[in-house]
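Structure record follows, encoded as structure tokens.
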Amino acid sequence: MSVSRTMSEAFAPLVDLVYPPRCPLCGDGLGEQSGLCLSCWETLALPREPSCTSCQRPLGDDTHEGMICAACMQNPPKHDGIAAGTIYNDTSRKLVLSFKHGRKIALAPMLAGMIWARLAGLEGRWLAVPVPLHRFRLWSRGFNQSALLAREIAKAENIELLVDGLVRTKPTPSLGGLGKRERARSLQGAIAPHPKRKDMLKGANVLLVDDVLTSGATTNACVSVLKRAGAKRVKIACFSRVLDEAL
């Protein structure tokens, strides 16, 4: 057990006394600082089985393990799998907004824990690489939410954090409201491997970490860059995943 974790557990009762644990969504009292109340947990949409072996999309109950969804059959993805902690709904949206725009960065361990729960079976050495923010966005927000999640995931065994594996070379507009082609066009040349990290990426297994996987335009751009840099495998790890039919 690390020194920081030992100290955190030792001071937990004092922290709970000064700041009584509350559910970050509804404000109800909790037994400890992390997590949600039972009522809010029950409103989360969790990925279920059976699911597509390529992208983790939930499949119908009449399908069997090992099947690939129609979308992946029609357009084979560039990535090597998706691990999403939740399926995007109103509850996960509120958590992401609180985390990213409400600056409740203390949610990072809980959100990352839900991602890690979907990553069982990783073999070999992996690098956790967050989806990058442009420096202007980083200065404005004060933190990269994906990097905070990647840091928590990297605490697990065999996961090494490479926080600057990718960089944003130019600012990009918000992708909300843009079509698929417009999204891809706005990201052309916007993401690149860090010049000093190329050797680490070559031949590596990469866990590309993001908070929300929406259309996949940003993560697809990152996956392409990582593969061109020589990454052996790139798996996407996100807290919440928006299904295509919801876009």
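Here is how the numbers come out for the structure above:
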{"read-out": "(1) 56, 39, 37; (2) 50, 42, 35; (3) 52, 49, 38, with the label sought being that of the calculated Cα extents along the principal axes in Å", "value": "(3)"}
{"read-out": "Amide H within-cut-off set for V167, under 5 Å, with H built and near neighbours excluded", "value": "A192, H194"}
{"read-out": "Long-range HN-HN contacts of A237 with modeled amide H, under 5 Å", "value": "A83, L208, V209, D210"}
{"read-out": "Longest exposed-site-free window of the chain, the sites being trypsin sites (Lys or Arg not before Pro) in a DSSP loop that have at most 11 other C-beta atoms within 10 Å", "value": "49-124"}
{"read-out": "Heavy atoms of I191: accessible area, 1.4 Å probe, square angstrom to 10", "value": "10"}
{"read-out": "Those GluC sites (Glu not before Pro) in segment 156-231 that DSSP places in a loop and that have at most 10 other beta carbons within 10 Å", "value": "E157"}
{"read-out": "Extension gain from R135 to T53, taking 0.36 nm per residue of separation minus the Cα-Cα distance", "value": "26.0 nm"}
{"read-out": "Theoretical gain in end-to-end length, S39 to C23 [0.36 nm per residue, Cα-Cα removed]", "value": "4.8 nm"}
{"read-out": "Cα-based Rg of segment 89-159 normalised by 2.2 N^0.38 Å, two decimals", "value": "1.18"}
{"read-out": "Antiparallel DSSP beta bridges within the chain, percent to nearest 5", "value": "20"}
{"read-out": "Computed label-point distance, nm, for sites K78 and K94 using a 7 Å Cα→Cβ extension", "value": "3.6"}
{"read-out": "Full-stretch length increase - A71, A117 - with 0.36 nm per residue and alpha-carbon distance subtracted", "value": "14.1 nm"}
{"read-out": "Rounded percent of accessible protein surface that carbon and sulfur make up, segment 199-247, 1.4 Å probe", "value": "47"}
{"read-out": "Per residue accessible area in Å² of the chain, where ligands, DNA and RNA are left out and the probe is 1.4 Å", "value": "55"}
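The values are calculated or read from the model by the stated rules, or taken from the named source; none is laboratory data. In this text the structure is predicted, and so the values were computed from the model without any measurement. Don't worry about glycine lacking a Cβ; one is built from the backbone with ideal geometry, like all the others, and counts go over all protein chains shown. Side chains included, ligands, DNA and RNA excluded: accessible areas come from the protein's heavy atoms. Shrake-Rupley method; radii C 1.70, N 1.55, O 1.52, S 1.80 Å.
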